Amino acid sequence: MNFFSRVIMAPMKAFWKTPKSGAQTQIRLAVDPELEKTTGKYFENSQEATPSCAARNDETAVWLWQKSVELTNLK
C-alpha cells in the first residue's frame, strides 16, 4: 500500500457505501407501496429527511433552472 492509500483513502472508506448499500434508498422508493404517491420529498438512508439549506434555497433553484435551460438550448 502506498502512502496515499494508507493515509488518505483508508480513513475515507469509513464514509463510503458499497453499490448495493448505496442503492437501497432508490430501491425502497421504487418498490414500497406506502410511498407510491409520495412526491417532492427528500430521502436519505431509506428515510425521509430534510434537505440541506443550500438545497432549499429558492434563488439557487431559479438560477440552476435558468442555467440548465441555457446550457441545453431548451427555451
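So the values come out like this:
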quantity: Residue list for the stretch 12-24, restricted to those being exposed (fewer than 10 other Cβ atoms within 10 Å of the Cβ) and in a loop (DSSP other than H, G, I, E, B); calculated: 16, 18
quantity: Filter result (among the polar types (S, T, N, Q) and loosely packed, with under 10 Cβ neighbours inside 10 Å) within the stretch 25-44; calculated: 39
quantity: Tally, over the stretch 36-75, of residues that are aliphatic (A, V, I, L, M) and closer than 24 Å to residue 24 by Cβ; calculated: 2
quantity: Single residue of 60, 25 found to be in contact with an Asp or Glu (Cβ under 8 Å, 6 or more places away or on another chain) and among the β-branched types (Val, Ile, Thr); calculated: 25
quantity: Qualifying positions in the stretch 51-75 - closer than 25 Å to residue 17 by Cβ and surrounded by 10 or more Cβ atoms within 10 Å (Cβ to Cβ); calculated: 51, 55, 56
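Values in this text are rule-based calculations from the coordinates and carry no lab data. None of the values given here were measured: they were computed from a predicted structure. In this analysis, Cβ positions are derived from the backbone assuming ideal geometry, glycine residues included, and neighbour counts consider all displayed protein chains.
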